[in-house]
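These notes concern the structure reproduced below.
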Amino acid sequence: MKFKRRMKVGSAIGSSTMSDIVFLLLVFFMATTIFKDDTGLRIRFPQAHPQVMSELGKENLIVAVWIKQMNPGDSQSEVIARIGDYDLPVDQVAVQLKGLADKFWREQNKHLDVIVLNADTRVPMSAMVGLFADLRYEELYSIQFNAQELSTGI
Amino acid sequence: MRNERPRATGEFSDSSMSDIAFLLLIFFLVTTTFDVQKGISYQLPKKPDEQTEEVVIDETNRLVMTIKQWGLGSYVALIDQAPPDGPLQRARAGEDVALDDPILQAGIMTLASQRAETVEATSSRLLNNLEVAKGVRSGTYSNLSSAIQAENLTAIVRSGLIREVMGGDAPTVIDPNFGEVAFGDTLVLADARQGDIASAVRESELVVILKFFPDCDYDGMISALDVLRRNGVSRTGITIQERLGGVQ
């Protein structure tokens, strides 16, 4: 008597649908991706000598503030700031940062270490000194003026 | 007898897919760089209130400069007050000079180096930084030597920009923990396991007050701070020069 042969079970995982999945994902991301419009943040950085600049540690909790004029170069033009995705007048920056610092402390038990100021080179000093005074009033003392490295030597 | 033709299958080979994926992964792992925030760190003075002591800067340690914009990207400094008998006193007072003027910069560096703080003052700051880094309360260590022994630390001196510029003219002091320390050097305490733990720069006691014209741009402030830091001045004040006549 002859026994029936058992059916062999293949050990390979079918990968023929892989290309379908990859193309599906590719088409999905191509169709849905939008690029953030950063035109409002386009600023000209000041330059400084590399050896006077310091780097922030990865463990520092920082908030970046972008500052520019509506019409760069026009001394009468309004100075605006951006924190995250929100645009606001520069005189409200310190209050908003204080709110953020309190929130970090309340929710994560962390201190806001450094405020990074990414300001356009053409912003008048009257606005910047006003901002420094506001930051002091809100007891936010540690700041960093972001700059690009000067390519020339001393 | 029937001859069977080889059948064309509908699949394409994907055995090299993982090779391609790993190749791309390694390529991006190797070539990706993260944008690092670099800039000039600045500590604003404490808010004035009843608890804050008013700091009076001695005339011998005070240099007051007014910064004016002189065209695009060009700035001039007017020295309002300079320490008596210093290099900027007679030659430059009351006269506009370009911010990148070598005589002005050399004068600032000389003033700063003449007022280099003692190594004890730097060591005291270093001890505070160490206590913060270790997360212990202030006053845990009686002095820096005992802290170095207790924590098994190595004392290192890193030469600064001032020593590079001034060479042998940079004022140096011999310290029992660190050896020869020049003005502008950084004192570092390192550990065999964690590397650098705390550091402090031997600063100058010279305080430079920068008074900006209100319409001077922000680039002027960065240029002025850059000049001061390069010449050994880390203690600065920033304010606005009020226009005469009241109306801006």
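Coordinate-derived values only; no laboratory data. Note that the structure is a prediction, hence the values are computed from the model and not measured. Virtual Cβ from ideal backbone geometry, glycine too; neighbours counted across all protein chains shown.
Values for this structure:
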read-out	value
Percent of C-alpha pairs per 5 Å bin, chain B, short to long	1, 5, 10, 12, 12, 12, 10, 8, 7, 5, 3, 2, 2, 2, 2, 1, 1, 1, 1, 1, 1, 0, 0, 0
Furthest towards positive pole of dipole, B:189, B:17, B:155, structure part chain B, Cβ charges	B:17
Axial C-alpha extent at least 15 Å, average Kyte-Doolittle at least 1.0 - helices from chain B (DSSP)	B:17-31
Options A:86, A:126, A:147, ranked by Cα towards positive dipole end of the stretch A:41-148, top entry (Cβ charges)	A:147
Whether the stretch A:41-148 is rounded, prolate or oblate, judged on the alpha carbon gyration tensor where a/c under 1.5 counts as rounded	oblate
Partner chain coverage, peptide A:122-132 - average Cβ within 10 angstrom	6
Separation between Cα centres of the stretch B:145-220 and the stretch A:123-153, rounded to whole Å	23
Counting DSSP beta bridges with both ends in the protein assembly as shown, the antiparallel % (nearest 5)	65
Chain B - mean residue ellipticity at 222 nm from DSSP helices (-39,500 (n - 2.57) per run, n ≥ 4, rounded to 500)	-9500 deg cm²/dmol
10 Å Cβ neighbours from other chains, averaged over peptide B:220-226	6
Dipole magnitude of the stretch A:41-148 about its Cα centre (Cβ charges: Lys, Arg +1; Asp, Glu -1), debye to nearest 20	200
Beta bridges by DSSP in chain A, antiparallel share as percent, to the nearest 5	45
Most to least packed among B:58-71, A:100-113 [average Cβ atoms within 10 Å]	B:58-71, A:100-113
Dipole moment magnitude, nearest 20 debye, the stretch B:119-201 about Cα centre, only Lys, Arg, Asp, Glu C-beta charged	280
Relative contact order of chain B, pairs being alpha-carbon contacts under 8 Å that are 6 or more residues apart, as %	20
Low-density loop positions, GluC sites (Glu not before Pro), the stretch B:128-170 - DSSP coil, at most 12 other Cβ in 10 Å	none
Contact order relative to length of chain A, as percent, for alpha carbon pairs under 8 angstrom and 6 or more apart	28
Partner aspartates and glutamates for residue B:38 [C-alpha distance under 17 Å; skip if fewer than 8 residues away on the same chain]	A:55, A:59, A:113, A:120, A:149, B:219, B:226
Length-normalised contact order of the stretch B:119-201 in % [C-alpha pairs under 8 Å, at least 6 apart]	33
Highest-first arrangement of A:62-72, B:190-200, B:215-225, where packing means the average Cβ count within 10 Å	B:215-225, A:62-72, B:190-200
Highest-first arrangement of B:227-233, B:137-143, where packing means the average Cβ count within 10 Å	B:227-233, B:137-143
Within 10 Å of each Cβ in A:12-22, the average number of Cβ atoms from other chains	2
Of every Cα-Cα pair in the protein assembly as shown, the percent that sits beyond 41 Å	33
Intensity falloff of the stretch B:126-189 expressed as log10 I(q)/I(0), Debye formula with alpha-carbon point scatterers, at q = 0.17, 0.22, 0.25 Å⁻¹	-0.64, -0.89, -1.02
